[in-house]
Amino acid sequence: MKDGFWYRVSLRVVPFIFVWLTCIWFFTCRIQTHGQIYRDQIDARLAPAVASFWHYTILFIFYFMRKDDAVAMVSGSKDGEYISRVANKMGHATVRGSRKKGGLQAIKSLIRYMRAGQNAAIVADGSQGPARVVQAGSIVLASRTGAPVLPMLWSCNRYKRFDSWDGTALPLPFSKIDFFYGEPLFVPQKIQSDEIEKYRMILENRLNDLYTKAWALHGKIEH
């Protein structure tokens, strides 16, 4: 068999338990939203946008955005299957791919979804990093669809940081979470490779400036 029995069982059980538990878990937290004016600008357009965020934020981001209609790009790896199913249970469709495997096809799928009116969500630093270094996917997607990129991330006073390449973080129960929207980035249509790098750096700087601002609220320079 292609995948082991326990792996297949865990794919059914783990995402269900995780979503059920975190919905209760995060309900106990106090959440304050910053930069709502930027989200309002996006909503006023009545057109798709690209949500872009650092990988460390992903566990809470799917919960926070659970009422938004969006298609998320998720790694095509076996571990990515758990994330994909969690996203599905939170109400998000997914396409599978990463920089090293299936990324181009995933971007093409996202373009089709967006042209049909769906929002998109892309982890800015990808599924394997380096951490807090923007990859080009969100810029290419924005250029091909004319949709703005909306930066977002969160910080927290009490959280668990996991031993992973990005330091994936999970807010603890009864913690205070500060959620930030950043200034939308509008990318010219059909830009070439040199311009892609220019806008990639703009997005990276905006996300890192937002990161510094967010964690400074809790007396930290990083999570």
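The values are calculated or read from the model by the stated rules, or taken from the named source; none is laboratory data. What you see is a predicted model; the values in this text were computed from it and never measured. Backbone-built Cβ (ideal geometry, glycine too); neighbour counts: all protein chains shown.
For the stretch 36-51, a tally of residues being out of contact with any Leu (no Cβ under 7 Å at 6 or more places or on another chain), assigned to a helix (DSSP H, G or I) and hydrophobic (A, V, I, L, M, F, W, C) returns 2. As a summary of the residue check, Pro173 satisfies the conditions (1) assigned to a strand (DSSP E or B); (2) out of contact with any strand residue (DSSP E or B) (no Cβ under 6 Å at 6 or more places or on another chain) except for the one numbered (1). Summed over the stretch 9-45, residues that are under 26 Å from Ser175 (Cβ atoms), at pLDDT 95 or above and among the β-branched types (Val, Ile, Thr) total 4.
For the stretch 44-68, which residues satisfy the criterion of being loosely packed, with under 13 Cβ neighbours inside 10 Å and without any contact (Cβ under 8 Å) to a residue 40 or more places away in the chain? Ala44, Leu46, Lys67 - these are the residues of the stretch 44-68 that are loosely packed, with under 13 Cβ neighbours inside 10 Å and without any contact (Cβ under 8 Å) to a residue 40 or more places away in the chain.
Residues in the stretch 143-164 that are touching a helix residue (DSSP H, G or I) at 6+ places or on another chain (Cβ under 8 Å) and either small (Gly, Ala, Ser) or without any contact (Cβ under 8 Å) to a residue 40 or more places away in the chain (or both): Ser143, Ala147, Ser155. Taking every residue in the stretch 73-100 that is at pLDDT below 85 and pairing it with any residue that is aromatic (Phe, Trp, Tyr) and in a helix (DSSP H, G or I), at least 6 positions away or on another chain, the pairs with Cβ-Cβ distances below 6 Å are Val86/Phe18; Ala87/Phe62; Met90/Phe62. Taken together, Arg85, Arg96, Arg158, Arg115 contain a single residue that is in contact with a Leu (Cβ under 7 Å, 6 or more places away or on another chain) and more than 30 Å from Ala216 (Cα to Cα), which is Arg85.
Matching residues to (1) among the hydrophobic types (A, V, I, L, M, F, W, C); (2) in contact with a helix residue (DSSP H, G or I) (Cβ under 6 Å, 6 or more places away or on another chain):
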site	(1), (2)
Lys176	no, no
Gly182	no, yes
Asp194	no, no
Tyr199	no, yes
Leu207	yes, no
Lys213	no, no
His218	no, no
Ile221	yes, no
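Residues that are of a type in the set (Ser, Thr, Tyr) and in contact with a Leu (Cβ under 9 Å, 6 or more places away or on another chain) were ranked within the stretch 161-192; the one that is modelled with the highest pLDDT is Tyr181. The test for being aliphatic (A, V, I, L, M) and in contact with a strand residue (DSSP E or B) (Cβ under 6 Å, 6 or more places away or on another chain) does not hold for Ala47. Among the residues of the stretch 209-223, not one is of a type in the set (Lys, Arg), part of a helix (DSSP H, G or I) and out of contact with any Phe, Trp or Tyr (no Cβ under 9 Å at 6 or more places or on another chain). For the stretch 176-208, the set of residues classified as out of contact with any Ser or Thr (no Cβ under 7 Å at 6 or more places or on another chain) and not in a helix (DSSP H, G or I) consists of Lys176, Ile177, Phe180, Tyr181, Gly182, Glu183, Pro184, Leu185, Phe186, Gln192, listed by residue number.
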